[in-house]
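Before any comments, here is the structure.
The values are calculated or read from the model by the stated rules, or taken from the named source; none is laboratory data. On a predicted model such as this, the values are computed, not experimentally measured, just so you know. Cβ coordinates were reconstructed from backbone atoms using ideal geometry, including for glycine residues, and neighbour counts include every protein chain displayed.
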Amino acid sequence: MLRFATRRLALALLVALTVSAISFFLLRLSGDIAIALAGEGARDIDIEAIRAQYGLDRPLLFQYGEWLLQVLGGDLGTSLFFRTSVGALVLDKLPVTLILGISSLLFALLISIPLGVLAAIYRNTWIDRLALSIAVVGQALPNFFFALILVMIFSIGLRWLPVSGSGSWQNFVMPTIALGYYVAPAFMRLVRAGMVEVLSADYIRTARAKGLSRRSVIVKHALRNAVVPVVSLSAVQLGYLLGGSVVIETIFALDGLGFLAYESITQKDFPVTQAVVMLLSVFYVLLTFVGDLVNAWLDPRIRVA
């Protein structure tokens, strides 16, 4: 297990380093930071002075190496727009994004696992078709469009929920539903496929022949084995939810990392954008690594393979 974890950790660190390099160079190629800081109509001498002040006149590879050393030392730089420490800014916004991501994942699991189990038990019936229809709609409906529908119904029409802000739990209800419903179909199809396969296994027939109750067979024997792949997918989807919250946080004006990324991109605040991209990428890589470890612990065959 230790050897397996070491290999996975080395691969995760390599992926994180690659993502940080790619994002760094792509951000620098997307525009000239010096021109953005100097503003329209700035003289060439002023632009060159800004380049020299921020070290933008040096080769990109050297700039990346210097930035990486600063990050490894715990310094994410200073925001060009907010004029404050990027690390403090990111840490201040992080809790909102974590709450939204975790609550969206829990919501997705809450609706997908029961639907997947019911669809497998009552396969090829109207229950199965209804569950698959819900999954198809959730996968086809863009989360930003679904978010606008929720706003029209629950905020503008019924006036039950606030449309923006992050001051109370009510502000997270619609964003959680909009973000969680989009990833729920993947869980539902995975649980259904796993349950269909497990319910036809020999040990399930043996458990039924022993006279075990239907609930015991489904919950203790079938579901326990069918949800093993859900663990790995949960880690991947949580990483997606954290990184894919930019649009949802912008729509509902949640003061999290997604909204911060949107503001930093519009203001060409490259240090903040780079820090947000790197942090979300690291989250994604680490969550995938944790998912692999949990799966290997649950299923020894993965370690052997």
Quiz item: Applying the selection to the range 53-96, what residues are of a type in the set (Gly, Ala, Ser) and under 25 Å from the mean Cα position of the chain (by Cα)?
Solution: Gly74, Gly77, Ser79, Ser85, Gly87, Ala88
Quiz prompt | Filtered residue count, the range 112-124, keeping only those that are surrounded by fewer than 18 Cβ atoms within 10 Å (Cβ to Cβ) and polar (S, T, N, Q) | solution = 1
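Matching residues to (1) β-branched (Val, Ile, Thr); (2) more than 19 Å from the chain's Cα centre (by Cα):
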| position | (1), (2) |
| --- | --- |
| Ala184 | no, no |
| Arg189 | no, yes |
| Gly244 | no, no |
| Thr266 | yes, yes |
| Asp269 | no, yes |
| Phe283 | no, no |
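Criterion first (of a type in the set (D, E, K, R), modelled with pLDDT of 75 or more, surrounded by 12 or more Cβ atoms within 10 Å (Cβ to Cβ) and more than 17 Å from Tyr262 (Cα to Cα)) does Asp92 satisfy it? Give the derivation first.
Working: of a type in the set (D, E, K, R): yes; modelled with pLDDT of 75 or more: yes; surrounded by 12 or more Cβ atoms within 10 Å (Cβ to Cβ): yes; more than 17 Å from Tyr262 (Cα to Cα): no.
Considered against the rule, which asks whether it is of a type in the set (D, E, K, R), modelled with pLDDT of 75 or more, surrounded by 12 or more Cβ atoms within 10 Å (Cβ to Cβ) and more than 17 Å from Tyr262 (Cα to Cα), Asp92 comes out as no.
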Quiz item: Quick one: Asn143 ticks every box in (1) under 19 Å from the mean Cα position of the chain (by Cα); (2) surrounded by fewer than 17 Cβ atoms within 10 Å (Cβ to Cβ) bar one, so which box is it?
Solution: (2)
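May I ask you to say which residue of Val282, Val236 is surrounded by fewer than 21 Cβ atoms within 10 Å (Cβ to Cβ), more than 27 Å from Ala119 (Cβ to Cβ), in contact (Cβ under 8 Å) with a residue 40 or more places away in the chain and of a type in the set (A, V, I, L, M, F, W, C)?
On the way: Val236 fails: more than 27 Å from Ala119 (Cβ to Cβ).
Answer to the check: Val282.
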Practice problem: Output the qualifying pairs, or none if there are none: Cβ atoms under 7 angstrom, residues six or more apart or on different chains, first residue in the range 95-121 and closer than 20 Å to Gly258 by Cα and touching a residue at least 24 places away in the same chain (Cβ under 8 Å), second residue outside any helix (DSSP H, G or I) and acidic (Asp, Glu). | Solution: Val96/Asp255
Exercise. For residues that are of a type in the set (D, E, K, R) and without any contact (Cβ under 8 Å) to a residue 60 or more places away in the chain, scanning just the range 154-203, find the one that is surrounded by the most Cβ atoms within 10 Å (Cβ to Cβ).
Key: Glu197
Quiz item: What number of residues in the range 125-140 are buried (at least 16 other Cβ atoms within 10 Å of the Cβ) and farther than 11 Å from Tyr182 by Cα?
Solution: 3
Quiz prompt | Count of residues meeting criterion [loosely packed, with under 14 Cβ neighbours inside 10 Å and either touching a residue at least 12 places away in the same chain (Cβ under 8 Å) or assigned to a loop (DSSP other than H, G, I, E, B) (or both)] in the range 67-80 | solution = 3
